[in-house]
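Asks: I'd like to ask some things about the structure below.
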Amino acid sequence: MTKELIEDKPWGLTVLPGSGVNPTTITPILDALLPLGLQEIHLSGSHWIDGGMSFRREGMGMGAGGEGEWGIWMVDREKVSEVREIADKYWESYHGRDE
C-alpha cells in the first residue's frame, strides 16, 4: 500500500526517514525504502559538545536540559559527508540495475 500512496498523483506521499540516520543505519534504510520509491532522507548529523561556559550556576541552566544543558548542538560535517557518500553510491548502484 505504501508504494501506491507514494505514486498517487497529485497527492503522492514523500517518505522522509530522519530519526537515527547515520553512517551505520543508512544502508539498511536504503535497502528497505528505495524499492518503495524513496527519494529523500534527512539527518541532523549532530551531537552535543561542551559549551565552554566556566560559570554554571546550580539550578539555573540554558533550558535544553540533560546532556545539552550547558552544551552546543553541533553538526558533524564528516558524519554528514559520510552518509551522503554512502547514499550517493547506493543510489547510483540501485538505479544502474534498471538499465
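Asks: Scan segment 66-74 and give yes if some residue there is modelled with pLDDT under 90, surrounded by 13 or more Cβ atoms within 10 Å (Cβ to Cβ) and closer than 30 Å to G96 by Cβ, otherwise no.
Replies: no
Asks: Starting from segment 44-56, take each residue that is in contact (Cβ under 8 Å) with a residue 12 or more places away in the chain and list its partners that are exposed (fewer than 11 other Cβ atoms within 10 Å of the Cβ) and outside any loop (DSSP other than H, G, I, E, B), counting only C-beta distances under 6 angstrom and pairs at least six apart or across chains.
Replies: Sorted first by the residue in segment 44-56, then by its partner, the pairs are W48/E67.
Condition check ((1) on the phi > 0 side of the Ramachandran plot; (2) open to solvent by less than 50 Å² (accessible area, probe 1.4 Å); (3) at pLDDT below 85; (4) in a helix (DSSP H, G or I)) across all residues:
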site: H42; (1), (2), (3), (4): no, no, no, no
site: S54; (1), (2), (3), (4): no, no, yes, no
site: R57; (1), (2), (3), (4): no, no, yes, no
site: G61; (1), (2), (3), (4): no, yes, yes, no
site: S81; (1), (2), (3), (4): no, no, no, yes
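Asks: What pairs come out if I take residues in segment 26-37 that are closer than 16 Å to L16 by Cβ and pair them with residues that are open to solvent by 60 Å² or more (accessible area, probe 1.4 Å) and β-branched (V, I, T) whose C-beta lies under 6 Å away, six or more apart or interchain?
Replies: That search, which allows pairs on different chains as well, returns L36/T2.
Asks: Name the residues in segment 15-34 that are touching a helix residue (DSSP H, G or I) at 6+ places or on another chain (Cβ under 6 Å) and part of a helix (DSSP H, G or I), would you?
Replies: I26, L30, L34
Asks: Every residue in segment 89-99 that is modelled with pLDDT of 85 or more and open to solvent by less than 60 Å² (accessible area, probe 1.4 Å), please. Break it down into steps so the answer makes sense when it comes.
Replies: First, pick out the residues of segment 89-99 that are modelled with pLDDT of 85 or more: 89-94.
If the condition is that a residue be modelled with pLDDT of 85 or more and open to solvent by less than 60 Å² (accessible area, probe 1.4 Å), then Y90, Y94 are the ones that fit.
The values are calculated or read from the model by the stated rules, or taken from the named source; none is laboratory data. This one's a predicted model, so the numbers in the text were calculated from it and none came from an experiment. Don't worry about glycine lacking a Cβ; one is built from the backbone with ideal geometry, like all the others, and counts go over all protein chains shown. Ligands, DNA and RNA are excluded from the accessible area calculation, which covers all protein heavy atoms including side chains. Shrake-Rupley method; radii C 1.70, N 1.55, O 1.52, S 1.80 Å.
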